[in-house]
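Below: one structure, written as structure tokens.
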Amino acid sequence: MISQVFILSSKGDRLVYKDFRGEIGSDAVGLFYDKVTALTGDQPPVVMTHRNIHFVHVWQGGLYLVATTTAADSSPFAIIDFLNRLAALIKDYCGALSEKTVQMNFALIYELLDEMLDYGYVQSTSCDVLKNFIQTEAQSSRPFSLLDLANVGLFGADTQQSKVAPSSAATRPLQGGKSEIFVDVVERMSVVMSSNGMPMKAEVEGEVKVKCFLPGCSEIRIGLNEDLSVGSSHLAGYGGAVRVDECAFHPAVRLDDFEAHRILRLSPSQGEQSVMQYRLADRLPLAPPFRLFPTIEKDNAGRLLMFFKLRCNLPPKSSAVNVSASVRVPKGCISLSQELSSPDQSAELQPHNRAVIWKIPRFPGGTQLSASFKLDIPGLSSASTLEVGPVGMTFELPKVTASGLHVRFLRLAPTQHRGPTQRWVRYVTHSDSYAIRI
Amino acid sequence: MTDSKYFTTTKKGEIFELKAELNSDKKEKKKEAVKKVIASMTVGKDVSALFPDVVNCMQTDNLELKKLVYLYLMNYAKSQPDMAIMAVNTFVKDCEDPNPLIRALAVRTMGCIRVDKITEYLCEPLRKCLKDEDPYVRKTAAVCVAKLHDINAQLVEDQGFLDTLKDLISDSNPMVVANAVAALSEIAESHPNSNLLDLNPQTINKLLTALNECTEWGQIFILDCLANYTPRDDRESQSICERVTPRLSHANSAVVLSAVKVLMKFMEMLPKDLDYYGTLLKKLAPPLVTLLSAEPELQYVALRNINLIVQRRPEILKHEMKVFFVKYNDPIYVKLEKLDIMIRLASQANIAQVLAELKEYATEVDVDFVRKAVRAIGRCAIKVEQSAERCVSTLLDLIQTKVNYVVQEAIVVIKDIFRKYPNKYESVIATLCENLDSLDEPEARAAMIWIVGEYAERIDNADELLESFLEGFHDESTQVQLQLLTAIVKLFLKKPTETQELVQQVLSLATQDSDNPDLRDRGYIYWRLLSTDPAAAKEVVLAEKPLISEETDLIEPTLLEELICHIGTLASVYHKPPSAFVEGSRGVQHKRLPGSAGSGENVESPDTGSAAVASEAPPAVIPSQDLLGDLLNLDLTPTTTTGPPPPSSGMQMGAMDLLGGGLDSLMGDESEPLGGDLGGSPAITAGFGAPPTAGPPSFTAPVSGGLDDLFDLGGGVGMPMGVYVPPKTLWLPAMKAKGLEISGTFGRRAGVVQMEMTLTNKAMSVMTDFAIQFNRNSFGLAPAGPLQVLTPVSPNQSIEAVLPLNTVGPVMKMEPLNNLQVAVKNNIDVFYFSCQYPISMLFVEDGKMERQVFLATWKDIPNENESKFQLNDCHLNADAASSKLQGSNIFTIAKRTVEGQDMLYQSMKLTNGIWVLAELRAQAGNPNYTVSLRCRAPEVSQCVFQSYEAVLKN
């Protein structure tokens, strides 16, 4: 049971505050802010307590969304989920979640909260249900402008290409938009590679999201790869088949045609929803996207020499963007000299993290880059070369899915709608944790 | 114009301006004004002065404006109760509005106005709304009952709202059901004993049906409610599980976790051999793994829950080790939690993988994490014996890195490894000593000092090392000081000649110069020990230490059970029961897991109650106590032995003797009904009370399990027919004892060790005033009562005396182990003799090990503790041998026949809790048996073998 919900700006200003049960005074807001700002990095921020008040919060869009409760049997999962839904709903209604949109639409948010929670019991978080009750009109922060391209985020890399929708599409409020529908396949990959390039662990977590701007959309049909197999033992060894270990579906998805034709049918409500979540471990269909060939030695002058060759294993048409590799170096490094294979790359030493960060803004598939670093470390011993630790990489792979999952088609039921509907399908893979051991 | 402007006005006279705007005729202007008011309210400004003006705006048909006004009302009604009454009429009117949205809004808001005076006006509208035709209104009204109950519980009961609410559980709309369940659950919580939420198979069925239809949030309420239900039997439990299982694939993790909670709880009732049980275990793993793909915050919550689940049922996730491997960009709190789970899942099968990971982690940047990783390596070594060697070498590698905190952690865990596997890895001590200077943390220093003291005889310069620590004695922390004191005393006992000065120095530092009472006390104890009886000091200080247990940081089982019942809640994140962090009046009930399969018996049956009463009754109130006291004195004294089984046997004794001694033969089979009948009678209570040393505390533990249990246990007790009692031998010849001749033997009858003696007077005069005393011995044997020789023994007369013994006397290791030195006194003199007792009389009745435990223990005991013996000329077959041994409490746990060779696996337990495990091999047709004995205390093996020989050959 949720006792209060409040939204705070990053500076701790109250933007929205609603008490549902009258158990806790409004001084909880101050208490929360004091606590959350006093947290150190290694303390789990999930649940904080003060006497018998428990604070659960999420941090989204530069805002704290906080719920308090006094009941020991409340489920932190439910509360976090609820807050995430609240954030998503605010995005759906107001176009974005920011201090400004919340301020502009506080009356709407109060109304939403009133319908979502009653006496602390969550009633509904479904956009479809809620829109029957909501009276207030949303205020959009500003019309679409090119400036929005600055905060491109997820799909930012290829905005110039006409086939990809401008990212601002995703930050428009629902009401009164164009008739558009987006299907996004978003994957996160975590890989641990041993020093000889063998993947020791590889895992992909993916999600098919539908963002629908059509009011009262009837049924859509999403066709996935026909050879998609679910479950680990099934069809293994026949190569090429796209496989996921497990998947879970949104309760509204009808799976009548899933077994036979891999078609998901659903009537999306307005706003964003995660239609399918899946997971795939070990045996990935493609080789991991990056492979590193390190050479590490000590030179006569007592400096540590690191020479890296990094190869991108993507198909030549694709490329990775925003690639960054972080190499752990022995403690006590004082300076770095570098030689990089092309001018757009950069590297810097971060002594407090004991790391060298090597950045590559764009890395086409099938190519190879190299970098050589010289580190000055006073009192370098031969054992120190052992301290050169694993390389962690972060990157984005636009238009690529690591699992090979693709959307064959996206069909709307023919009957409805006056105007033509624009349909978009987008793919992206992110690094979740990509570590290469040396 | 957007709403953000509302936040910017802070001018003076603002209230005045707002007032004017609120009273404007234009709807739009009014609406804008109310919005401004609410904006001010949000940022914490006091706008209560505008109450009447805002309430005036309430009568409107604009729903948006109405909602805003209600929002204001909820916030300020409490501070303006009199004004709030003004709004009542509108509420009542709105409750009859044709628009269901307005009806629901009015009911919802009224409930939130926490003003007593308003509640009475609320009743009629609420009653109507509970029966409204629109489910939206009904579900809102259901919640309103809970709100009203919080304000005025009596009113809710008087008005009969609770019954209406109960009816709503059967509503056709699942949302209404869910809210009714939520409201009832909350109300029931404040009346723990009311039968408000009457869960019976019918309502459960309704809930399960609603579960499939309602929203995810409703599912959570229903699942949480289901978790409070206790199914009648395993079949009902299974059918509920089957219907809950589909929830595991829900996208909402809170639903998943609530379902996991229900399943974990009901699984307790399923028999483990059921196919469905295995299926269920398999089904639980994937959803738990999926929880880990969420954001770090949710991952953390999931991991805390998984930690509990893994402790309760490790088999669920035993194949999923990889998902708990740490990602380099996990936040530290996630990393630590994963590490903990990795250790809990570590087993022989995956230990190589785990160790490789841990070694990798030990080179990370984050100091806390590295420390934990090093500790984890040590915990692996202790948990999985096969890996110990690799763990130790990994730790040595890490010590070579010379990274200060890694070395210190490594030393701390190596100390534990020494404790677990004595005499195995001491070769690494030299390496450890090299790092002595770099240790600056108390824990590491203390660990190192312990190692030096413990192995002083193998470290040539141990005295120098310890002396170096002594210089800054007073600057050390208490932990180090205590350790140093003990280590030096150990050193002294091992190398007394060279270290006399050192020990005196440390004793004076500890006793004279320190003001820490612990340190001083320990110092004095050592000092006295050393000065009075160095041999005793050796016994104490260099005593064999018990091996450390495998997992030290497990959550205590009862707490774990309670936490399992709270999976998914805050309690599972804190790992504390709700009672530990909830203050205030709301009653917190301790939840328990249901009993295990098939019993179908309520844990809190009335039997337990009466048993508890019977045992708690103090002896003084029982009228027959005096009379019984003397009569029972002799036979009841054995109850002074410690440990749970002896009380049960004492109980047997009591019951038996009350009924006369002739019932011995009935004991094995009929004691259960017998005991059952006697359970409540005062006589048996007197029996409990009679021996002063066996006070009530020792009985409260078994009694909590119910008297029935006690007797169940007793059911296995003693089969006097089969017990082997060696023939009497001459212990004390008359020559040596001025005419007193004693021959005797030892036996175990009905769970009591007895010394049976024949005293013969071969002197010329009458002997009287017999008394007996034992010297300290290996198992603490001592007379449980005085030697009962009531009549004087005249010349040439023989008299039989039976002396019951207990095992709570002082202990000293004897050579041979079963040697007993006895002093007997009579009116003439004191005589000493020594005899040897068969160790089999110390085998207790509950020495039968569970098969699994046996297997695990057998593997756990190192090979070098195994002793093999040949038993020649034994002409029994395996089964006969087994039953014969059983008579002496050597229990056969399993029998295997391989290539004509019978192998019996047997266990026995000594009175001091030492388990002995045996493997008996018999080849058909070959009179020679092979007995292999494994025991943590290998010294007993020889004696145990002698007992085998004695029992089997007689």
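The values are calculated or read from the model by the stated rules, or taken from the named source; none is laboratory data. Because the structure is predicted, anything quoted here is derived from the model rather than measured. As a convention, Cβ positions derive from the backbone with ideal geometry for all residues, glycine included, and neighbour counts pool all protein chains shown. Ligands, DNA and RNA are excluded from the accessible area calculation, which covers all protein heavy atoms including side chains. Shrake-Rupley method; radii C 1.70, N 1.55, O 1.52, S 1.80 Å.
Structure values in brief
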| item | result |
| --- | --- |
| Cut-off 15 Å, label 7 Å out along Cα→Cβ of B:A153, residues of the range B:187-230 by amide N | B:187-197 |
| Overall form of the range B:116-201 per C-alpha gyration tensor (a/c, 1.5; a/b vs b/c) | oblate |
| Other protein chain Cβ atoms within 10 Å, averaged over every residue that makes up B:41-49 | 3 |
| Quarter of Cα convex hull surface for the range A:277-338, i.e. mean projection, nm² | 7.3 |
| With DNA, RNA and ligands ignored, accessible area of B:S883 (1.4 Å probe; Å², nearest 10) | 80 |
| Exposure of B:D134 as accessible area (Å², to 10), given a probe of 1.4 Å and all protein chains | 40 |
| Subset of B:K272/B:K895; A:K100/A:K399; A:K100/B:K27; A:K11/B:K78; A:K18/B:K35; B:K30/B:K128 violating a 21 Å alpha-carbon distance limit | B:K272/B:K895; A:K100/A:K399; A:K100/B:K27; A:K11/B:K78; B:K30/B:K128 |
| The range A:286-438: equivalent-ellipsoid semi-axes (sqrt of 5 x gyration tensor eigenvalues, Cα, Å) | 42, 13, 13 |
| Estimated [θ] at 222 nm from DSSP helical runs (n ≥ 4, -39500 (n - 2.57)) normalised by residues in chain A, nearest 500 | -3500 deg cm²/dmol |
| Net charge over other residues, Cβ less than 13 angstrom from the Cβ of B:K868 (K, R count +1; D, E count -1) | -1 |
| Trypsin sites (Lys or Arg not before Pro) within the range A:193-293, DSSP loop, no more than 15 other Cβ atoms inside 10 Å | A:R283 |
| FRET efficiency, 1/(1 + (r/R0)^6) with R0 30 Å, evaluated for B:A352 and A:K309 via beta carbons | 0.45 |
| Sequence of B:H875, A:H250 from largest to smallest accessible area, 1.4 Å probe | B:H875, A:H250 |
| Per principal axis, descending, Cα span of the range B:770-898 in whole Å | 62, 32, 27 |
| Largest-first ordering by accessible area, 1.4 Å probe, given options A:W424, B:W450 | A:W424, B:W450 |
| Alpha-carbon Rg with Dmax, taken over the range B:792-844, Å | 14.2, 39 |
| Inter-label distance for B:V766 and B:H875, nm, one decimal - labels placed 7 Å from Cα along Cα-to-Cβ | 5.2 |
| Nearest-0.05 FRET efficiency for B:E295 and B:L63, computed from C-beta distance (R0 45 Å) | 0.75 |
| Inter-label distance, nm, simple model (7 Å from Cα along the C-beta direction), B:K738/A:K317 | 11.5 |
| Rg and Dmax of the range B:734-778, Cα atoms only, in Å | 13.2, 39 |
| B:E389 accessible area, assembled protein chains, probe 1.4 Å, Å² | 130 |
| Cβ crowding within 10 Å averaged over residues, with A:349-360, B:368-379 ranked highest first | B:368-379, A:349-360 |
| Most to least accessible of A:T125, B:T290 (protein chains only, probe 1.4 Å) | B:T290, A:T125 |
| Diffusion constant of the range B:389-548 at 4 °C, which comes from Stokes-Einstein with the Kirkwood Cα-pair radius and 1.567 mPa s, µm²/s | 81 |
| Solvent-accessible area buried by A and B, counting both chains, probe 1.4 angstrom, square angstrom | 7200 |
| Cα-Cα over 21 Å, subset of A:K359/B:K322; B:K327/B:K372; A:K298/B:K402 | A:K359/B:K322 |
| Ellipsoid equivalent to the range B:272-321 - semi-axes via the Cα gyration tensor, in Å | 22, 11, 8 |
| Long-range Cα-Cα pairs in the range B:93-163 (distance over 21 Å), rounded percent | 14 |
| Shielding score for A:64-76, defined as the mean number of other chain Cβ atoms within 10 Å | 6 |
| Distance histogram in 5 Å bins (all Cα pairs of the range B:296-337, percent per bin) | 5, 23, 31, 25, 13, 3 |
| Rounded, prolate or oblate (a/c below 1.5 giving rounded, otherwise prolate when a/b exceeds b/c) for the range B:713-835 by Cα gyration tensor | prolate |
| Shape category assigned to chain A from the gyration tensor of Cα positions, a/c cut at 1.5 | oblate |
| Under 12 Å from B:K859, Cα to Cα: aspartates and glutamates that are on another chain or at least 8 residues apart | B:E385 |
| Compactness of the range B:216-271, expressed as Rg and Dmax over alpha-carbon positions, Å | 10.6, 32 |
| Shielding by partners - mean other protein chain Cβ count within 10 Å, residues of B:216-222 | 5 |
| Using alpha carbons only: equivalent-ellipsoid semi-axes of the range B:182-293, gyration tensor based, whole Å | 23, 18, 12 |
| Using distinct alpha-carbon pairs, which all enter the 1/r mean, Kirkwood radius of the range A:298-375 in Å | 13.3 |
